[in-house]
Amino acid sequence: MTDLPALAAQAPAGATLVIFHSAVLPYVEPEERGRFIDTVRGLPGVWLSNEAPGVVPGISLPRRPGGPFLLIRDGETPLAYTDGHGAWVQWLAG
């Protein structure tokens, strides 16, 4: 949390900054989770989260058998159901 803005500022000019995390947010206290989301949304880049359904606020796709995660772009657009360890991706119709 404290280092992310400074690290993001080090991205080379013209590069696409991508912030990615998987299975992290459930371990963050809810108020800190909100602060993290606000921080990431304020950065000039693409935010990809791979978390269980319901972890990223405002995304309401149902859980699926086998407990897959959701790949979400910028905290707004669900892209795919995924295996938590990257073994498979099932893209959502776009």
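The values are calculated or read from the model by the stated rules, or taken from the named source; none is laboratory data. As the structure is a prediction and not an experimental result, all values here were calculated from the model. For neighbour counting, all protein chains shown are included, and Cβ atoms are generated from backbone atoms with ideal geometry for every residue, glycine included. Heavy atoms of the whole protein, side chains included, go into the accessibility calculation; ligands, DNA and RNA do not. Shrake-Rupley method; radii C 1.70, N 1.55, O 1.52, S 1.80 Å.
Would you confirm, using the coordinates I've provided, whether PRO44 is over 9 Å from the mean Cα position of the chain (by Cα), free of Cβ contacts under 8 Å to residues at least 12 places away in the same chain and either over 19 Å from GLY86 (Cα atoms) or open to solvent by 80 Å² or more (accessible area, probe 1.4 Å) (or both)?
Considered against the rule, which asks whether it is over 9 Å from the mean Cα position of the chain (by Cα), free of Cβ contacts under 8 Å to residues at least 12 places away in the same chain and either over 19 Å from GLY86 (Cα atoms) or open to solvent by 80 Å² or more (accessible area, probe 1.4 Å) (or both), PRO44 comes out as no.
Report yes if SER49 is assigned to a loop (DSSP other than H, G, I, E, B) and among the hydroxyl-bearing types (Ser, Thr, Tyr), otherwise no. Spell out how you get there, then give the answer.
Numbers: assigned to a loop (DSSP other than H, G, I, E, B): no; among the hydroxyl-bearing types (Ser, Thr, Tyr): yes.
No; evaluated as a whole, the condition is false for this residue.
Consider the stretch 65-76. How many of its residues are part of a loop (DSSP other than H, G, I, E, B), open to solvent by less than 90 Å² (accessible area, probe 1.4 Å) and in contact (Cβ under 8 Å) with a residue 12 or more places away in the chain?
Total meeting the criteria: 4.
From TYR81, TYR27, grab the single residue that is open to solvent by 60 Å² or more (accessible area, probe 1.4 Å) and either at negative phi or within 14 Å of the chain's Cα centre (by Cα) (or both).
TYR27
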